Every structure is written in C-alpha cells, then in structure tokens.
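Take a look at the structure below.
The values are calculated or read from the model by the stated rules, or taken from the named source; none is laboratory data. Everything quoted here is computed from the prediction, not taken from an experiment. Here the Cβ positions follow ideal geometry from the backbone for every residue, glycine too, while neighbour counts run over all protein chains shown. Ligands, DNA and RNA are excluded from the accessible area calculation, which covers all protein heavy atoms including side chains. Shrake-Rupley method; radii C 1.70, N 1.55, O 1.52, S 1.80 Å.
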Amino acid sequence: MWNDMKIQDIAFIITLLSLIYKRSPKWTVVFGIVSLLLSIPLFTLWVFFTAERLTWYAAGFFLLAIIFFLLNARKYRGN
C-alpha cells in the first residue's frame, strides 16, 4: 500500500487532514469541485491513472462534506 503512493496521494492526505481539522463543509465541497475540474484535462490527455484518482478524491471530499453537513445539522437541531 505505502509503496504505491504517489505525490497526489500525499497531497490528498494532507489536504484531507487539514479539512478534517478545519471542519468546513464549504471548503470541502470546493476542493471536491477543484479535483473534478483538474481531472477533466487529464482525461482529455489520456492520463487516466491520475484523472481517475482525482475523481476518487473528489468523491472522498464530497463524502466528508456530507458528514460535516450532517454533524452541523445535528448540532443546530439540539440532539
């Protein structure tokens, strides 16, 4: 697992940890959209490995944003 890590994996982990620390669903969605926008030119250049990883990262960012939204809604609802 650790032998297959690329520079984009390390950048994703650092970004993900900083977003978890910040707990901002808006920034998490922004990073998900940026990941998708960065993957589009890579797909057109046939760089499928990195482009596919970026789409998976976007899915991870969106999932984290959903978790943050649910936690915020639960906090404001009083439960």
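What residue, of Leu45, Leu70, Leu17, Leu54, is within 13 Å of the chain's Cα centre (by Cα), open to solvent by 100 Å² or more (accessible area, probe 1.4 Å) and on the phi < 0 side of the Ramachandran plot? Quick ask: steps written out before the conclusion?
Details: Leu45 fails: within 13 Å of the chain's Cα centre (by Cα); Leu70 fails: within 13 Å of the chain's Cα centre (by Cα); Leu54 fails: open to solvent by 100 Å² or more (accessible area, probe 1.4 Å).
Criteria check complete, one pass: Leu17.
Can you name the residue in the stretch 33-42 that is more than 23 Å from Leu70 (Cβ to Cβ) and open to solvent by less than 60 Å² (accessible area, probe 1.4 Å) and is also nearest to the chain's Cα centre (by Cα) among such residues?
Out of the qualifying residues, it is Ser39.
Looking only at the stretch 20-32, which residues are open to solvent by 80 Å² or more (accessible area, probe 1.4 Å) and on the phi < 0 side of the Ramachandran plot?
Tyr21, Lys22, Lys26, Trp27
Might you check whether a residue that is modelled with pLDDT of 85 or more, among the polar types (S, T, N, Q) and surrounded by 13 or more Cβ atoms within 10 Å (Cβ to Cβ) occurs anywhere in the stretch 2-9?
Scanning the stretch 2-9 turns up no residue that is modelled with pLDDT of 85 or more, among the polar types (S, T, N, Q) and surrounded by 13 or more Cβ atoms within 10 Å (Cβ to Cβ).
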